[in-house]
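Below is one structure, written out as structure tokens; the observations come after it.
The values are calculated or read from the model by the stated rules, or taken from the named source; none is laboratory data. None of the values given here were measured: they were computed from a predicted structure. Ideal geometry is used to build each Cβ from the backbone, glycine not excepted, and the neighbour counts take in all protein chains shown. Only protein heavy atoms, including side chains, enter the accessible area calculation; ligands, DNA and RNA are left aside. Shrake-Rupley method; radii C 1.70, N 1.55, O 1.52, S 1.80 Å.
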Amino acid sequence: MGTAGPIALAKEILLSGDDANEPFFVLNSDITSEFPFGDLLEFHRSHGREGTIMVTTVSEPSKYGVVVYDNKTGIIDRFVEKPQVYVGNKINAGIYLFNTSILNRIELRPTSIEKEIFPQMASEGQLTAFELKGFWMDVGQPKDFISGMLKYLAHIQGKEDPEKLLCQSWEADPTVKLIQPVMIHPSATIGPNAVIGPFVTIGPDCTIHEGVRLKRCSLMQGVTVRAHSWVDSSILGWSSSVGRWVRMENFSVLGRDVQIKDELWVNGGKVLDHKEVGESITEPSIIM
């Protein structure tokens, strides 16, 4: 359905209830940033136009589609795809805020919001740009996902009380060492003598056993890491399990319900859902 068609699929929901006339957010799922939704909403309501897209500054605009707009009003003039001559350094950040009237522009068919809807809105003066301050990153690849997580945790560590936000009121065993920033769901359990951090997220219902070392990694809901395993720069998918004395590194990724047996080395392995791994993965590869 493209990037606009799914909005048409949600039309009935967006126009129902007490919020039928309220603007709504649309986000690309493969980006991370500071997500200043309150500031974006305030700006959108102040100009009264149909749509606002968040833009971010890049150092090499020739790799992207550039948004050309009035710096004073924010009104977008046009979009230039991968310009060979400098026209600006602001690109679409993948975060939007629309009035419900945009639904009249989108047909229930595969539609590109960037190529079909936005140019039309810009030609009518109905699309504005709001500049994102702070970091922004495309996190569509495992390495970029880890880098984006690092940036986000560093950002919130500077903005909030680390003990309140990053540990989510989770109470650690006194022998557990936390190296901030980390984010731990309160339902997670962590065994004695584990070392967690820096730059780790641990989701709901995870179980970390004795002596585990985690750094620069993300654990989705229901993950188990057994005793004395070492995980660095990796993503562990939902309900996966890592055995005892395992070493995982080099942007390894486990899909849902993956089982890694004891005493293995996983070096850059990408393992698809519902697989059991009984031998070391010594070179980066995909296990299907």
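Could you give the dipole magnitude of the chain about its Cα centre, charging the beta-carbon of Lys and Arg +1 and that of Asp and Glu -1, in debye to the nearest 20?
The dipole of the chain has a size of about 540 debye.
To the nearest 500 deg cm²/dmol, what mean residue ellipticity at 222 nm is calculated for the chain from DSSP H runs of n ≥ 4 alone, each contributing -39,500 (n - 2.57), summed and divided by the residues? Write out the running numbers ahead of the final one.
On the way: 6 runs with 48 residues, N = 288.
Result for the chain, helices only: -4500 deg cm²/dmol.
Rounded to the nearest 0.05, what FRET efficiency do residue 85 and residue 133 have when you use their Cβ-Cβ distance and R0 = 22 Å?
Details: r = 27 Å, r/R0 = 1.23.
It comes out at approximately 0.20.
Provide the percentage of antiparallel DSSP beta bridges, counting only those with both residues in the chain; round to the nearest 5.
So the antiparallel bridges in the chain amount to around 30 percent.
Quick one: with all protein chains in place, what share of the accessible area of the chain is carbon or sulfur, to the nearest percent (1.4 Å probe)?
49 percent
Could you work out how much longer the chain between residue 221 and residue 57 gets when fully extended? Use 0.36 nm per residue separation minus the Cα distance between them, nm to one decimal.
On the way: separation 164, 0.36 × 164 = 59.04 nm, distance 3.39 nm.
Between residue 221 and residue 57, full extension yields 55.7 nm more.
Return a whole-number percent for the relative contact order of region 46-115, with Cα pairs under 8 Å and 6 or more residues apart as the contact set.
38 percent
If you build the convex hull over the alpha carbons only and average its shadow over all orientations, what do you get for region 88-161? Give it in nm² to one decimal.
Approximately 7.6 nm², given one-decimal rounding.
Could you tell me the ratio Rg/Rh of region 1-148? Both radii from Cα atoms, Rh via Kirkwood.
Answer for region 1-148: 0.95.
Need one value: the accessible area of residue 216 in square angstrom, 1.4 angstrom probe, rounded to the nearest 10.
The accessible area comes out at roughly 80 Å².
Students sometimes get this wrong: rank 214, 15 by accessible area, probe 1.4 Å, all chains present, largest first.
Values: 214 0, 15 80 Å².
Ranking 214, 15 by accessible area, largest first, yields 15, 214.
Averaging over all projection directions, find the projected area of the Cα convex hull of the chain and quote it in nm² with one decimal place.
17.4 nm²
Rounded, prolate or oblate: which fits region 173-255 when a ≥ b ≥ c are the square roots of the eigenvalues of the alpha-carbon gyration tensor, with rounded for a/c under 1.5 and prolate only if a/b beats b/c? Show your work: numbers first, answer last.
Values: a/c = 1.25, a/b = 1.20, b/c = 1.04.
Rounded, since a/c falls under 1.5.
Given a cut-off of under 8 Å on Cα pairs at least six residues apart, what relative contact order in percent is computed for the chain?
Contact order relative to length: 12 percent.
Given the pairs 90/133; 90/143; 143/270, which are separated by over 20 angstrom at their Cα positions?
Long pairs (Cα-Cα over 20 Å): 90/143.
Compute the label zone of residue 22 within region 98-136: residues whose backbone N is under 16 Å from the point 7 Å along Cα-to-Cβ.
What the label zone holds, given the 16 Å backbone N cut-off, is 98-101.
Rank 277, 76, 183 by how far each Cα sits towards the positive end of the charge dipole of the chain (+1 on Lys, Arg Cβ; -1 on Asp, Glu Cβ) and give me just the farthest.
Result: 277, furthest along the dipole toward the positive end.
Taking the simple approach of a point 7 Å from Cα along Cα-to-Cβ for both residue 37 and residue 179, what is their distance in nm?
Result: 3.3 nm between the two label points.
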